[in-house]
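Take a look at the structure below.
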Amino acid sequence: RRSALAAAEHVESSKTLQTLDLGYQNSRQVGDTISLLLRALSRNTSVTKVIIKHETIRFASVAFQELLTCTQTLQKLDIIGSSDRFDEVQTAAIASGFANNTTLRDLEFNSWKETDLTPVLAALQHHPALEKICFSVTLYDAYLPSLSGLEVLLRSQDLKVKELVLRKVDTRTVG
């Protein structure tokens, strides 16, 4: 616990840290540490990029919401999905964080389930700074399913997206 607090203090006060990669976490105890780090990161003034796994967010969805809502510097976010889905509370927290974020410019959803992605895409409709969205799948022989919600997102007159990347898309379902 003491080392987690020390790490969180470092993350919060660092003026040189630019990228944070939060690898795979698979226990509630580690989730508490990740929550500390995400909350500290929400107050950091130098980090511009975060790479985070879907499983990690599941254990710290409220802290992830706080990060997205409070950050002043985060511009790039890569979220790597999994076979598990978010529950309703996690989905609501995550969508709220995206709806209240104003700093993200580049967002990558890697291997996300459509049911988790749809509310997030709806939350991003009025994002003031988002310029690039990437959807990809890294699993061997897997493809993106239908991206329901993408059409509504892209038709939003408030959205400033200039670049849309679709990697390994199943064109039979996306259209």
Among the candidates 109, 64, residue that is within 25 Å of residue 15 (Cα to Cα) and within 11 Å of the chain's Cα centre (by Cα): 64
Filter result (touching a helix residue (DSSP H, G or I) at 6+ places or on another chain (Cβ under 6 Å) and open to solvent by less than 20 Å² (accessible area, probe 1.4 Å)) within region 111-122: 120, 121
Those residues of region 127-173 which are assigned to a loop (DSSP other than H, G, I, E, B), modelled with pLDDT of 70 or more and either loosely packed, with under 15 Cβ neighbours inside 10 Å or of a type in the set (Lys, Arg) (or both), in sequence order: 128, 129, 138, 157, 158, 160, 162, 167, 168
Conditions (1) closer than 18 Å to residue 153 by Cβ; (2) of a type in the set (A, V, I, L, M, F, W, C); (3) modelled with pLDDT under 90: number failed by residue 59: (1)
Residue list for region 1-21, filter: loosely packed, with under 13 Cβ neighbours inside 10 Å and under 17 Å from residue 32 (Cα atoms): 1, 2, 3, 5, 6, 9, 21
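The values are calculated or read from the model by the stated rules, or taken from the named source; none is laboratory data. Computed from a predicted model, the values in this text were never measured in an experiment. Because the Cβ atoms are built from the backbone with ideal geometry, glycine has one as well, and the counts that use them run over all protein chains shown. Heads up: the accessible areas ignore ligands, DNA and RNA and are worked out on the full protein's heavy atoms, side chains in. Shrake-Rupley method; radii C 1.70, N 1.55, O 1.52, S 1.80 Å.
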